[in-house]
1. When you go through L108, L23, L50 one by one, which is the residue that is outside any loop (DSSP other than H, G, I, E, B) and surrounded by 14 or more Cβ atoms within 10 Å (Cβ to Cβ)?
2. Could you grab me the full set of residues in segment 78-92 that are under 15 Å from G192 (Cβ atoms), in contact with a helix residue (DSSP H, G or I) (Cβ under 7 Å, 6 or more places away or on another chain) and assigned to a loop (DSSP other than H, G, I, E, B)?
3. Please enumerate the residues belonging to segment 112-130 that are in contact with an Asp or Glu (Cβ under 6 Å, 6 or more places away or on another chain) and more than 15 Å from V66 (Cβ to Cβ).
4. Six or more apart or on different chains, Cβ atoms under 6 Å: show the pairs whose first residue is in segment 22-34 and touching a residue at least 60 places away in the same chain (Cβ under 8 Å) and whose second is hydrophobic (A, V, I, L, M, F, W, C) and open to solvent by 40 Å² or more (accessible area, probe 1.4 Å).
5. Taking segment 183-207, which residues are farther than 21 Å from L80 by Cβ and open to solvent by less than 20 Å² (accessible area, probe 1.4 Å)?
6. Of the residues V66, V154, which is in a strand (DSSP E or B) and under 12 Å from the mean Cα position of the chain (by Cα)?
7. Return a yes/no flag: does segment 126-139 have any residue that is touching a residue at least 60 places away in the same chain (Cβ under 8 Å), part of a strand (DSSP E or B), open to solvent by less than 50 Å² (accessible area, probe 1.4 Å) and over 28 Å from P87 (Cβ atoms).
8. Quick one: which of R40, R75 is at pLDDT 95 or above, open to solvent by 10 Å² or more (accessible area, probe 1.4 Å) and within 19 Å of the chain's Cα centre (by Cα)?
Amino acid sequence: MPTTAAATDRTTVAELERQLENLFRLGYPALMKTSETDLRSAVERLAARLPDRPSAVRPEDHVPFVIVPAAAPLRQSALLMTKDDRPATLMIEDEHLGLYAPIEAVDLPDAPVYLLTDIDTGSDLTNVTPETAVTTILGRGRTPLTIAEGIALVTQRPDMLRKNKCFSLPASRRGNQQVPAIWISQRAPKLGWCWDRNPHTWLGSASAGERIAG
């Protein structure tokens with residue numbers, strides 16, 4: 001994939017290269033039990049399918065795509081999130097983290113890495129319960145985000161985790177009313193959970209337009 005001065009254009013192959021290099025820097029190939037060469041090859045196959053269409057998402061909440069390293073363990077991935085060089089913390093116990101699974105309305109690609117596209121951090125859904133937000137998101141023809149996808153988003157775009165504009169990840173559930181979410185605590189990312197019927201003025205629900213596998 002070429003690297004050019006257009007790296008600030010977050011809709012280009014240059015942005016895909018930036019994200020891939022970030023995964024290398026953080027040690028994701030080892031986490032995924034693969035090599036840098038194989039991970040690069042997988043991502044290059046995705047490059048031909050980069051989205052090239054307008055989005056209805058508000059620009060301030062929009063991220064065109066992120067690479068989701070689905071084969072990476074959740075705990076280790078979550079702890080690699082940072083914001084302003086401050087490392088993330090986890091509020092979800094290890095034994096509970098592994099119990100989260102996609103909700104029935106969400107189909108995940110059977111692939112170790114894929115693209116999540118047309119992402120909306122969901123600030124228009126702040127002060128809306130996650131339960132209601134899922135209905136709204138599905139009604140828009142979109143899909144809510146999983147824990148892994150939320151981690152991938154913050155890993156690549158920590159700038160989108162903003163004060164009073166953080167987000168729930170309601171595509172992941174473990175059979176109770178706890179909905180995972182990522183917010184800012186002591187100026188750093190925090191992966192925790194909130195109740196699905198509790199609204200928060202500072203917490204929306206993130207969604208995406210599509211998942212693309214190679």
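1. L23
2. Result: M81, A88.
3. Those that are in contact with an Asp or Glu (Cβ under 6 Å, 6 or more places away or on another chain) and more than 15 Å from V66 (Cβ to Cβ): S123, P130.
4. L26/L80; M32/A71
5. C194, D196, L203, G204, S205, S207
6. Just a single option satisfies the conditions, and that option is V66.
7. no
8. Being at pLDDT 95 or above, open to solvent by 10 Å² or more (accessible area, probe 1.4 Å) and within 19 Å of the chain's Cα centre (by Cα) holds for just one of R40, R75, which is R75.
The values are calculated or read from the model by the stated rules, or taken from the named source; none is laboratory data. Because the structure is predicted, anything quoted here is derived from the model rather than measured. No Cβ is skipped: glycine too gets one built from the backbone with ideal geometry, and neighbour counts run over all protein chains shown. Only protein heavy atoms, including side chains, enter the accessible area calculation; ligands, DNA and RNA are left aside. Shrake-Rupley method; radii C 1.70, N 1.55, O 1.52, S 1.80 Å.
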